[in-house]
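A quick write-up on the structure given underneath.
Values quoted throughout were computed directly from the atomic coordinates according to the rules given, and no laboratory measurement underlies them. Just so you know, these numbers come straight off a predicted model, no measurement behind them. Virtual Cβ from ideal backbone geometry, glycine too; neighbours counted across all protein chains shown.
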Amino acid sequence: MQSFLRDAGEFLPILMQGVALTIIVTIGSLVLSTLLGLIWALMRVSGVRALSATSAGLINVIRGIPIIVLLFYLYFVMPDLGIALTALQAAIIGLGIAYSAYQAENFRAGIEAIDKGQIEAAHSIGMGWWLTMRRVILPQAVRIVLPPYGNVMIMMLKDSSQASTITVAELALQGKLIASSTFKNTSVFTLVALMYLTMSIPLILLVRHFEKKANQR
Amino acid sequence: MIKLDDVHKSFGHVEVLKGITASVQKGEVVCIIGPSGSGKSTILRCINGLESYDRGDILVEGARVDRNARAIVAIRTQVSMVFQRFNLFPHRTALENVIEGPIFVKKVPRAAAIERGRALLTQVGLADKAQVHPPQLSGGQQQRVAIARALAMEPKAILFDEPTSALDPELVGDVLSVMRKLADDGMTMVVVTHEMGFARDVADRVLFIDGGIIVEQGAAKAVLNQPQHPRTQDFLRRVLHPM
């Protein structure tokens, strides 16, 4: 225990640099996946066959490719096509795209859970499709969507560690680098695990809060 | 003001409207009665463009109702609808429900919309419920908010789709009296209803629909008191004397 605390004091500052990158990757890909997911979901429920088929196809392709392969593709293949991304950019875009499929399905489920009578009422006072979405459907869907959205946030925080495979020096990679140069595997990876857990706890509490609010209706 | 000419409508293989021809004059109150599944609600939903129809024409003030045309929005702002299950927006207060259309569809300035919204809530007897959300209101109160919401669009006509069918019996009266006042004020109304008393007292004309066709129509008292067609007679006997 003594030696663990000593190691912790020594390694924490380096690991904290990794934490900063972990947070950047998580927030960046969360924002991107939310935007893309919302676009896929709105295309899906648009009632325009071409849009909804495109969206369904995209979602299936994205779902069928492992995140790690998507990351490799963006980081190693895109330069061959003339698009060079930094590791951080590739990580955020890759995770953002990968998660957009799950976000889209979550949003769609939320939108479709709203009573059809709401859409008819909105139409009957002259609202068009977009106004109906913005003023009537989405505000109600948010409450349904938030608890699973919180879970996605937790999964994204943990999956940001996959960015280590394309050299983003986030928490997991920093840990691996320290471990391989000091051989203090136990101390280092225990620390890394504890740090992920520490970051997850606020999110877990947030999900619980969302669930409580959703059940209040 | 509203004209239906040989309107046909099918859901899959089932033809629910088999050639409906009717018209509603300005200021007229027309009640549509008939057994469940006869196509009454479908007629209203076609007039408002919530359903498409397969054949024939529906004209509102001379403009053809086409669910997929851009002009449908203009028609819907002229012809409001009140639903059986109220369909209020649960995430907005009673007042917000009423001012939503004026502000976002008709672009009425917010302050003016609020003032008019409060006046409408007063008109339906709910001045004190402006800040209450629909789930905290009784069914009858919700339906009256829904009527205020329809009125807020300053429509030329209002379509009522079984407005009291989802209400507890003791709450029906409040809604009907609001509707009766509207009729007295000269509002053009088409009402699908099972309230024969309301139809007899308030309606100018009654259409009896069965099996997707208009079986009998005429002045309300004539149709309801001396129905000519055997199917109308049978229907009214069942409704008025269910035991």
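Data overview
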| read-out | value |
| --- | --- |
| Lysine-lysine proximity count for the stretch A:2-215, Cα under 28 Å, sequence distance 8 or more or distinct chains | 7 |
| R0 of 25 Å, Cβ-Cβ distance B:K18-B:R67: FRET efficiency to nearest 0.05 | 0.80 |
| Other protein chain Cβ atoms within 10 Å, averaged over every residue that makes up A:125-135 | 6 |
| Out-of-range pairs (alpha-carbon distance over 20 Å; input B:K9/B:K40; B:K3/B:K106; B:K26/B:K156) | B:K3/B:K106 |
| Integer Hz, Karplus 6.51/-1.76/1.60 couplings in order for the stretch A:47-61, x for Gly and Pro | x, 8, 4, 4, 5, 6, 5, 4, 4, 4, x, 4, 4, 5, 4 |
| Per-q log10 I(q)/I(0), the stretch B:169-238, q = 0.22 Å⁻¹ (Debye; single scatterer per alpha-carbon; no solvent) | -0.99 |
| Calculated log₁₀ intensity ratio I(q)/I(0) where the Debye formula runs over C-alpha points of the protein assembly as shown, q = 0.10, 0.11, 0.12, 0.14 Å⁻¹ | -0.82, -0.91, -1.01, -1.24 |
| Calculated FRET value between B:A219 and A:V142, using beta carbons and R₀ = 51 Å, to 0.05 | 0.50 |
| Two-site FRET efficiency, A:L177 against A:E211, from Cβ-Cβ distance with R₀ of 41 Å, rounded to 0.05 | 0.60 |
| Vicinal HN-Hα couplings computed from phi for the stretch B:136-141 (Karplus, 6.51 cos²θ - 1.76 cosθ + 1.60; Hz; Gly/Pro x) | 8, 9, 6, x, x, 5 |
| Cα-centre dipole for the stretch A:2-215 with unit charges at Cβ (Lys and Arg positive, Asp and Glu negative), debye to 20 | 420 |
| Cα-projected label distance for B:V132 with B:Q228, points at 7 Å along beta-carbon direction, nm | 4.8 |
| Positive dipole terminus of the stretch A:61-165, leading residue within A:M155, A:I119, A:L88 (C-beta point charges) | A:I119 |
| DSSP beta bridges in the protein assembly as shown [antiparallel fraction, %, rounded to 5] | 55 |
| Order by protection proxy (mean Cβ within 10 Å, highest first), peptides A:151-161, A:175-185, B:201-211 | B:201-211, A:151-161, A:175-185 |
| Cβ-based charge dipole, the stretch A:2-215, positive-most Cα from A:A104, A:S180, A:Y196 | A:A104 |
| Cα point-scatterer Debye curve for chain B, base-10 log of I(q)/I(0) at q = 0.09, 0.12, 0.14 Å⁻¹ | -0.38, -0.68, -0.92 |
| Options A:L58, A:Y75, A:I137, ranked by Cα towards positive dipole end of the protein assembly as shown, top entry (Cβ charges) | A:Y75 |
| Where labels lie 7 Å past Cα in the beta-carbon direction, separation of B:Q25 and A:I204 in nm | 7.4 |
| Calculated [θ] (222 nm, deg cm²/dmol) that DSSP helices of n ≥ 4 give over chain B, each run adding -39,500 (n - 2.57) | -11500 deg cm²/dmol |
| Helix-derived mean residue ellipticity, 222 nm - over chain A, DSSP H n ≥ 4, -39500 (n - 2.57), to 500 | -26500 deg cm²/dmol |
